[in-house]
1. In chain A, once you exclude exposed chymotrypsin sites (Phe, Trp or Tyr not before Pro) (DSSP loop, at most 15 other Cβ within 10 angstrom), what's the longest stretch remaining?
2. Taking loop as defined by DSSP and a crowding limit of 13 other beta carbons within 10 Å, which trypsin sites (Lys or Arg not before Pro) in segment A:203-255 fit?
3. Output the 0 to 90 degree angle, nearest 10, between the alpha-carbon long axis of helix A:36-46 and the longest principal axis computed from the alpha carbons of chain A.
4. Provide B:Asp53, A:Asp251, A:Asp157 in ascending order of the number of other Cβ atoms located within 10 Å of each residue's Cβ, fewest first.
5. Under 13 Å from the Cβ of A:Glu103, count the other residues' Cβ atoms, weight Lys and Arg +1, Asp and Glu -1, and hand me the total.
6. Please express the Cα-Cα pair-distance distribution P(r) of chain B as a list of whole percents, one per 5 Å bin, running from 0 to the bin with the greatest distance.
7. Can you compute the modelled spin-label distance between A:Val220 and A:Val142, with each label point 7 Å from Cα toward Cβ, in nm?
8. Hey, rough spin-label estimate for B:Arg97 and A:Arg286, points 7 angstrom out along Cα→Cβ, what's it come to in nanometres?
Amino acid sequence: MTELLVVRPGALTTVQDRGRPGHAHLGVPRSGALDTAAYALANRLLGNPPDAAVLETTLDGVSLRAAALTVVVVTGAPCPVRISGRPVAWGAPVGLPAGAELEVGRAESGLRSYVAVRGGIAVAPVLGSRSTDLLSGLGPPVLSAGMTLPVGPAGPDPVPGADAYGLPAAPPELLLPLRPGPRADWFTGASLAGLWRSVFRVSPSSNRIGLRTEGGPALVRARAGELPSEGMVLGAVQVPPDGLPVVFLADHPVTGGYPVVGVVGPGPALDAAAQARPGTPVRFVRAR
Amino acid sequence: MRTLVVGSQALLIELDSADEVAALHAELLRRRDAGALGPVRDLVPAARTVLLDGVRDPAALGARIARWEVPPLTSGEGPLVTVPVRYDGPDLAEVARLWGVGPGEVPGIVGATLFRVAFCGFAPGFGYLTGLPERLHVPRRDTPRTAVPAGSLALAGEYAGVYPRSSPGGWQLIGSTDAVLWDPAREPAALFAPGVRVRFTEAGRD
């Protein structure tokens with residue numbers, strides 16, 4: 001067991017695992033790593049349990065120093081990785097000697113890199129999860145300089161050998177398969193038909209709560225009035241009064257009062273949404 | 001009752017009243033506890049709906065639920081929590097005025113009401129409590145406060161609630177309690193979970 005010292009926290013780096021689903025009825029968001037495939041890969045590459053906690057960076061990486069020798073890996077958004085100033089592999093387990101600094105650099109494409117350490121980040125779990133929930137404030141605080149993070153004991157599984165896979169390329173546009181409902185009938189038929197032909201852009205005000213869109217035609221309400229707050233799911237596409245769709249990500253509120261025009265199913269599309277930079281074109285396609 | 005499919009893994013059931021929501025929620029809990037509902041990850045009641053998230057075949061489940069005979073809720077159903085309150089809220093006089101009573105009568109009116117946690121939201125452990133008759137519903141404040149102290153007993157519209165932690169809020173504050181509404185290290189973490197019945201007593205007058 002060891003601990004990590006945060007040398008440079010980066011723009012927004014949080015501890016994330018699989019989150020705390022199952023507590024929505026108490027007003028607790030699910031939270032958890034946004035790019036679920038990159039998160040799972042990071043733990044697999046280190047022989048960690050699939051629910052071990054890792055760090056999720058935002059655009060400009062993080063720098064850490066280990067108190068004792070450990071093994072780390074960086075997945076998700078591709079970025080330069082250095083140990084004691086020397087370039088090391090991205091996407092492959094590398095040894096981090098005691099006292100050496102791991103520098104995870106700015107994402108070359110995508111948004112969020114995942115930094116895993118063998119044994120996992122071992123901060124105290126809250127309701128079964130170590131995830132930082134930026135909406136409700138549950139879980140450990142956002143990383144800050146000088147903070148230390150405990151690392152858990154390495155499990156029985158060995159660090160696997162090479163696990164060859166392609167570097168994820170940033171898609172030129174974000175395609176989101178959308179299943180209409182439950183409140184598609186709150187919008188005019190013409191604006192719904194137009195949704196499938198429209199191109200939006202990822203708004204810079206997007207965050208872990210939701211991917212906001214801009215630049216596309218606003219959806220037009222077919223009815224007046226307010227919707228009483230109702231339960232929201234991951235991937236729900238909520239339409240606030242400005243008519244521009246918001247795709248709910250892991251830190252989304254458990255209830256909401258704006259109509260949901262459709263839902264993007266969990267999996268590759270939401271993983272891609274987690275890596276889509278502001279300005280990326282967004283299109284909604286009919287889910288099969 | 002109207003059932004709406006939400007994506008590939010969830011079902012939203014829409015009802016006509018808060019009472020129907022409470023009755024269906026209780027029936028869902030009964031069937032889930034009896035192992036007769038099938039896998040459901042989240043069961044989320046709200047104002048006029050219940051969301052079932054993490055289910056296998058939402059359309060088939062919706063068709064099944066639509067055929068249920070759901071008995072109305074009885075006032076004795078659900079765990080009962082008693083919360084001592086000091087009636088020292090800054091909006092106590094305003095609420096009394098809206099109710100057409102003196103401020104000294106508010107504790108008795110609230111104390112005589114059996115509340116029920118209809119649903120949670122806004123913040124972990126923040127329960128929306130129903131039970132006040134319509135003539136006692138009060139509007140939100142015109143200007144929300146930037147910081148409402150933790151433990152504040154507040155009213156807005158058809159709901160009463162207690163702030164689990166300090167947060168901004170626009171509800172009318174009538175009192176305060178030392179009860180810990182939310183503690184993630186405690187089991188249960190939320191004092192006010194959906195379906196719990198709540199009585200407010202006047203602190204120091206037990």
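Read-outs: derived from the displayed coordinates by stated rules, not from any lab. In this text, all values refer to a predicted model and were calculated from it rather than measured experimentally. Ideal geometry is used to build each Cβ from the backbone, glycine not excepted, and the neighbour counts take in all protein chains shown.
1. On the way: sites that count: A:Tyr165, A:Trp196.
Counting only loop sites that pass the neighbour cut-off, the longest clear stretch is A:1-164.
2. Values: sites: A:Arg208, A:Arg212, A:Arg221, A:Arg223; in loops: A:Arg208, A:Arg223.
When the trypsin sites (Lys or Arg not before Pro) of segment A:203-255 are filtered for loop state and at most 13 Cβ neighbours within 10 Å, A:Arg223 remain.
3. Approximately 10 degrees, to the nearest ten.
4. Values: B:Asp53 26, A:Asp251 23, A:Asp157 13.
So the residues, fewest neighbours to most, are A:Asp157, A:Asp251, B:Asp53.
5. Summing Lys and Arg as +1 and Asp and Glu as -1 gives +3.
6. The distribution over chain B is 1, 7, 15, 19, 18, 15, 11, 8, 5, 2, 0, given as percents.
7. 3.9
8. Result: 5.8 nm between the two label points.
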